[in-house]
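Student: I'd like to ask you about the structure that follows.
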Amino acid sequence: MYIRVSEIPGGGLDVFAARGRSAIPRMLEGMDPAPLSTCRLTDAELVLTAESGDLWAEGLYTAEGEAPCDRCSEPVAVRFAKAFRSLLVPKAREPAGTSQAELREEDLDVGYYDGRGLEVNDIFWEQVALELPLKVICSEECRGICPSCGANRNREPCSCSAGTSQGPFDVLKNLKGKKE
């Protein structure tokens with residue numbers, strides 16, 4: 001959903017009130033939500049305000065997705081939400097030589113747009129990407145899969161002996177005794 005700067009009135013533009021809320025579930029189409037297998041917005045709000053060429057994007061969203069648990073591979077429903085506020089400035093005002101510039105704290109909430117308008121999907125893609133979990137687990141008590149027999153230890157007890165398999169560093173245990 002593309003919004004032109006000229007369409008933003010002086011008091012700001014409530015994007016979904018003006019354009020309709022039906023676009024919200026499709027807002028993340030085409031995005032790679034890794035490590036989630038699926039991800040979609042369930043609710044979103046966005047107000048754009050223009051101030052002498054700069055745009056303030058203030059909003060919030062709730063999203064849901066699904067991913068396999070990193071310990072036991074069972075499907076997990078993931079829900080998250082975030083409120084955000086970002087400053088978008090025209091690319092023409094982007095500092096020269098930014099490829100080697102060091103970012104400061106105040107630079108982290110600044111983005112750039114082409115000067116004529118902006119794609120609303122890009123704002124939400126960025127905000128959702130910042131909140132995607134690095135690891136997905138079904139519960140803190142998840143016991144995972146047995147590395148020997150492959151049994152899901154949450155469903156059935158594993159009969160494998162925990163101490164019989166040799167690891168790559170077991171040879172180092174014997175070196176300490178030989179050195180003395």
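The values are calculated or read from the model by the stated rules, or taken from the named source; none is laboratory data. Since the structure is predicted, the reported quantities are computational estimates derived from the model, not experimental observations. Neighbour counts are summed over all protein chains in view; Cβ atoms, including those assigned to glycine, are modelled from backbone coordinates with ideal geometry.
Student: Does Arg79 satisfy the condition of being at pLDDT 85 or above, surrounded by fewer than 17 Cβ atoms within 10 Å (Cβ to Cβ) and charged (D, E, K, R)? Spell out how you get there, then give the answer.
Tutor: Numbers: at pLDDT 85 or above: yes; surrounded by fewer than 17 Cβ atoms within 10 Å (Cβ to Cβ): yes; charged (D, E, K, R): yes.
Yes: the conditions hold for Arg79.
Student: If you don't mind, there's one more thing I want to ask. Give all pairs with beta carbons closer than 7 Å in which a residue from segment 1-25 that is farther than 13 Å from Leu55 by Cα meets a residue that is assigned to a loop (DSSP other than H, G, I, E, B) and among the hydrophobic types (A, V, I, L, M, F, W, C); count only pairs at least 6 apart in sequence or on separate chains.
Tutor: Here the result reads Arg19/Met1; Ala23/Met1, each pair linking segment 1-25 to a residue that is assigned to a loop (DSSP other than H, G, I, E, B) and among the hydrophobic types (A, V, I, L, M, F, W, C).
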